[in-house]
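Only one structure is covered here, and it is reproduced in the block below.
Readers should treat all values here as calculations from the given coordinates under stated rules, not as data from a laboratory. Not measured: the values here are computed from a predicted model. Counting neighbours? That spans all protein chains shown, and the Cβs are built from the backbone with ideal geometry, glycine included.
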Amino acid sequence: MQITDISRHDLDDVFRLNDDSVPHVSRINSAEMEWFASNAHYFRVVRHEGQVAGFLIGLRPGLPYRSPNYRWFSENYRDFGYIDRVAVSAATRRMGIASRLYQDFAESLKGEVEIMTCEVNIRPPNESSMRYHEQHGFVRVATQETEGGKKEVALLEKEL
């Protein structure tokens with residue numbers, strides 16, 4: 001497995017992988033994916049056997065990003081590394097890809113940021129993601145409803 005920065009050639013694969021991961025990540029259009037590629041502090045992919053097997057998008061404060069979850073952390077924290085989305089292909093799940101991406105993102109923040117943040121759906125529930133985050137040291141700091149009450153998320157943090 002190899003972790004690399006996103007390239008323009010990866011965007012279609014990442015876009016499909018994102019769509020395959022809905023509702024655990026929100027659906028976005030190709031223009032929004034390109035915005036992430038140009039603006040994210042961290043946007044890396046994992047390749048397995050030459051194919052994009054997973055990706056993680058990480059943000060820092062100060063971006064004009066309208067996500068209510070990102071805005072919550074921006075309003076409540078001075079500095080943080082925010083995991084906006086992570087997705088792993090169905091064929092490569094349980095191979096440690098998400099863990100490797102989380103570790104790589106944490107390494108990119110060392111010496112600059114003390115807190116890594118994210119959210120996990122609690123309505124509709126994403127129980128496996130919640131277990132994963134709890135096992136890796138994330139703790140719930142708040143909850144909020146999004147999408148007009150259709151979703152509820154747990155806002156999580158982890159000290160680095």
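Summarising the label geometry, the points placed 7 Å from Cα in the beta-carbon direction at residue 7 and residue 31 lie 2.7 nm from one another. In this structure, the amide hydrogen of residue 122, modeled 1.01 Å from its nitrogen in the peptide plane, lies closer than 5 angstrom to those of 152, 153, 154, counting only residues at least 5 positions away or on a different chain. Backbone phi angles across segment 123-137, fed through the Karplus curve with coefficients 6.51, -1.76 and 1.60 (θ = phi - 60°), yield HN-Hα couplings of 8, x, x, 10, 5, 5, 5, 5, 4, 4, 5, 5, 5, 9, x Hz in residue order; Gly and Pro are listed as x. Phi-derived couplings, Karplus 6.51 cos²θ - 1.76 cosθ + 1.60 at θ = phi - 60°, listed residue by residue for segment 13-27: 5, 5, 4, 5, 4, 4, 4, 5, 9, 5, x, 5, 10, 7, 6 Hz, with x used for Gly and Pro. Let a ≥ b ≥ c be the square roots of the eigenvalues of the Cα gyration tensor of segment 2-159; is it rounded (a/c under 1.5), or, if not, prolate (a/b larger than b/c) or oblate? Note, shape of segment 2-159 comes out rounded.
Less than 5 angstrom separates the built amide H of residue 160 from those of 115, 116, all sequence-distant by 5 or more or on a different chain.
Close amide H partners of residue 142, meaning residues 5 or more places away or on another chain with modelled amide H under 5 Å apart, are 155. Build a GNM of the chain with springs between Cα atoms under 10 Å apart, and of 126, 69, 18 the one that fluctuates most is 126.
For segment 134-160 versus segment 93-116, the inter-centroid distance based on Cα atoms is 17 Å.
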